[in-house]
1. Pull up region A:13-30, narrow it to residues that are in contact (Cβ under 8 Å) with a residue 60 or more places away in the chain and in a loop (DSSP other than H, G, I, E, B), then point me to the one that is surrounded by the fewest Cβ atoms within 10 Å (Cβ to Cβ).
2. Scanning region A:132-149 for residues that are facing chain B (nearest Cβ under 10 Å) and in a strand (DSSP E or B), which turns out nearest to residue A:59 (Cα to Cα)?
3. Give just the number: which of (1) outside any strand (DSSP E or B); (2) in contact with a Gly (Cβ under 9 Å, 6 or more places away or on another chain); (3) within 14 Å of chain A (Cβ to nearest Cβ) does residue B:162 not satisfy?
4. Within 9 Å of another protein chain (Cβ to nearest Cβ) and farther than 30 Å from residue A:172 by Cβ: which single residue out of A:9, A:24 fits that description?
5. Please identify the pairs in which a residue from region B:104-127 that is closer than 13 Å to residue B:92 by Cβ has its Cβ atom under 7 Å from the Cβ atom of a residue that is buried (at least 21 other Cβ atoms within 10 Å of the Cβ) and of a type in the set (S, T, N, Q), counting only partners at least 6 apart or on another chain.
6. Counting only residues that are more than 8 Å from every other protein chain (Cβ to nearest Cβ) and assigned to a helix (DSSP H, G or I), which one in region B:36-53 is nearest to residue B:10 (Cα to Cα)?
7. Identify the residue in region B:228-272 that is in a strand (DSSP E or B) and among the polar types (S, T, N, Q) and, among all such residues, is nearest to residue B:199 (Cα to Cα).
8. Look at residue B:315 and say whether it is surrounded by fewer than 20 Cβ atoms within 10 Å (Cβ to Cβ), under 30 Å from residue B:131 (Cα atoms) and at pLDDT 95 or above.
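The values are calculated or read from the model by the stated rules, or taken from the named source; none is laboratory data. What you see is a predicted model, and the numbers here were worked out from it, not measured in a lab. Backbone-built Cβ (ideal geometry, glycine too); neighbour counts: all protein chains shown.
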Number of protein chains: 2
Amino acid sequence: MRQSNLFTKTRREIPKDEVAKNAKLLIQAGFINKEMAGVYSFLPLGLLVLRKIENIIRIAIDNLGGQELLMSSLHPKENWEKTNRWNTLDILYKITDSLGKESALAPTHEELVVPLVKQFVSSYRDLPLSVYHFQNKFRMEARAKSGILRGREFLMKDLYSFHSDEADFKEFYEKVKKTYLEIFDKIGLGHLTHLTFASGGTFSKFSHEFQTISEAGEDLIYICKKCGVAINSEIIERQKVCPECGKKEFRQEKSTEVGNIFDLKTKFSKPFGLDYKDKQGKRQEVLMGCYGIGIGRVMGTVVEVLSDDKGIVWPESIAPFQIHLLSLSQDKKAEEIYNKLKELGKEVLYDDRDIKIGEKLMDADLIGIPYRVIVSEKSLREGGVELKKRTEEKAEIIQITELYK
Amino acid sequence: MRQSNLFTKTRREIPKDEVAKNAKLLIQAGFINKEMAGVYSFLPLGLLVLRKIENIIRIAIDNLGGQELLMSSLHPKENWEKTNRWNTLDILYKITDSLGKESALAPTHEELVVPLVKQFVSSYRDLPLSVYHFQNKFRMEARAKSGILRGREFLMKDLYSFHSDEADFKEFYEKVKKTYLEIFDKIGLGHLTHLTFASGGTFSKFSHEFQTISEAGEDLIYICKKCGVAINSEIIERQKVCPECGKKEFRQEKSTEVGNIFDLKTKFSKPFGLDYKDKQGKRQEVLMGCYGIGIGRVMGTVVEVLSDDKGIVWPESIAPFQIHLLSLSQDKKAEEIYNKLKELGKEVLYDDRDIKIGEKLMDADLIGIPYRVIVSEKSLREGGVELKKRTEEKAEIIQITELYK
């Protein structure tokens with residue numbers, strides 16, 4: 001894409017009404033726009049990143065056998081009454097229509113997915129099954145000051161699984177655990193992300209979170225020095241040894257929850273009467289798990305933990321473009337390279353704007369595309385173009401044909 | 001995909017709480033699920049169709065130079081007060097948070113896109129520009145009885161364009177008109193869809209709608225017998241000749257609006273002060289256009305107008321799969337063909353369920369995939385497989401290798 005065509009622009013000034021680093025940088029670099037507290041729009045560059053994260057997750061969940069659907073955001077009040085959450089969940093947005101009929105604006109989808117799946121499950125032969133979607137969630141957050149880490153409206157992937165017995169549930173749950181670690185690896189957060197034991201609520205001993213070490217984190221975790229598994233501070237009083245390896249030495253870190261998985265047992269199948277006939281023809285309650293990843297939250301966390309004092313640093317796997325092409329008074333050659341890269345299907349942002357090279361360089365650092373390529377008289381004299389990785393200080397001269405590989 | 005893995009099932013009984021043909025068929029065939037009046041979830045097959053329609057539109061709008069973003073659904077009340085629509089738009093859902101602060105749940109996005117774009121426009125050099133998104137819209141429809149043709153929550157593509165002068169606007173508007181006709185052609189509605197002159201509201205003489213002839217339609221149009229352009233009945237009293245060719249002979253048809261385009265002039269740029277400096281340094285108001293297509297509505301219209309008494313008939317361009325493979329006691333051969341088709345990247349739904357062939361045939365007709373392929377002893381004896389197009393009555397025997405082309 002030509003940067004002159006991109007309607008967004010970078011900003012030098014830091015937005016005054018933001019305290020979160022992720023929001024400040026993403027707004028400055030033109031990835032998001034703040035609409036109100038906790039509500040952001042994704043601009044073209046930001047949407048490219050969202051879609052890349054979404055696709056990494058989609059492929060991984062498809063591999064688990066998850067079936068993608070798209071559930072609505074408006075939910076009938078009755079469903080939320082059935083689970084007793086209509087009056088107890090304080091983050092639930094309620095809307096009233098002109099006839100006085102109330103509905104929920106969904107913060108999560110258990111209340112919808114269970115009656116939906118119930119229509120198609122009658123026998124043990126219909127199980128196991130798992131469904132997922134990417135959908136906006138709405139939560140009435142009291143304080144929404146963490147940028148896209150904790151919004152009132154945010155895009156989330158949630159997966160729900162349905163099982164006939166505990167062993168089957170357990171097998172799937174363990175697969176998701178592994179898949180989640182692979183997802184965070186691929187997104188570029190793997191080295192900072194720890195499987196974390198957290199409170200399981202009323203029904204289970206534990207739930208599992210995926211916590212990424214971050215200064216901006218709202219959580220506190222204790223990471224086992226031996227095996228790397230962590231314990232959320234909320235349960236450290238009752239769980240003083242590592243549940244994975246039994247050791248007792250931990251280091252404490254601030255962290256952000258980027259994913260979580262829950263053993264729901266029959267918490268939601270019971271109120272909706274979701275059951276099945278087993279091989280003996282006996283009715284049994286369906287066991288459930290749920291598994292979430294906030295797409296915006298993952299994006300915000302990447303910005304929080306990987307950016308430097310010059311700007312954002314995108315991992316290649318989720319960068320809006322792979323190459324940022326800059327011309328220093330060599331527009332003709334740069335055009336030629338840009339067209340060739342496009343032809344080859346490379347993801348390239350070409351800064352063809354008529355501005356000073358200093359500004360182009362600052363913008364390139366701020367936007368954070370993995371590979372910066374400069375075409376200048378000097379680079380051409382030395383045999384090619386100047387290539388610099390966003391994560392490195394030093395640039396090198398490479399032959400132009402190297403770019404086309 | 002293996003049909004035995006698909007968690008949805010077809011239904012023989014017609015849903016009693018639906019009056020619209022599109023909803024009845026889509027529910028029976030397992031494409032959508034009704035959550036409440038006017039609110040539907042899209043099941044795996046339905047989501048595949050939605051995404052195909054979305055992609056046809058995305059490619060077309062990208063070609064026009066539109067930049068994709070994703071604007072939020074929650075809007076600040078102030079924005080809607082500025083345009084005087086907070087208290088006048090009766091379909092507007094309002095939500096109130098725990099502190100009593102009100103927000104709008106967006107039925108359309110002019111109130112957000114204008115202040116957003118304003119941040120990036122200061123000079124004539126920043127124009128023209130156009131942005132679009134696919135986003136859920138929420139509208140408090142009093143009667144919601146048309147299935148996915150008119151929902152309370154529905155996915156829509158809306159494009160907004162910004163121009164410095166009338167000539168530039170006009171040029172873009174004409175391009176969109178052409179592009180829209182191409183989109184409806186590609187989706188398979190071209191032969192039934194007419195560019196229609198409708199009321200332009202306070203500011204313009206006309207707006208343009210794209211109306212598809214349909215028995216289920218809520219609109220009435222007058223189609224010029226000479227040139228095929230139509231006039232919406234709402235303006236037939238004041239517009240008695242075809243605005244395109246001047247002729248006066250029309251045929252009357254019921255129709256559904258599948259898209260519309262509006263000349264907004266300065267209706268929305270004025271309240272938000274969206275202006276630019278022209279070449280002389282003088283401040284001028286920005287001219288705007290907006291252009292919508294309801295994705296669910298298009299899908300519902302296809303079902304209304306193309307289905308037959310056996311079920312849905314998907315055009316190839318938006319079908320969830322291209323081939324529906326059925327085995328009649330030849331599972332080994334069918335498996336082999338399925339695997340080969342998958343390997344070749346073909347979109348194939350393989351009915352590997354252990355049910356009677358009669359049921360498979362009924363389901364295939366109901367689901368409406370363009371090509372039905374039956375592997376049976378008879379077909380193999382005759383040299384291959386039986387191929388039948390969903391739109392035709394007669395089947396033919398083709399060599400298996402023909403399928404792989």
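1. My answer is A:19.
2. A:133
3. (1)
4. A:9
5. Close Cβ pairs (under 7 Å, with a partner that is buried (at least 21 other Cβ atoms within 10 Å of the Cβ) and of a type in the set (S, T, N, Q)) amount to B:105/B:73; B:106/B:73; B:111/B:79.
6. The selected residue is B:45.
7. Checked region B:228-272; the qualifying residue nearest to residue B:199 (Cα to Cα) is B:232.
8. In short, yes.
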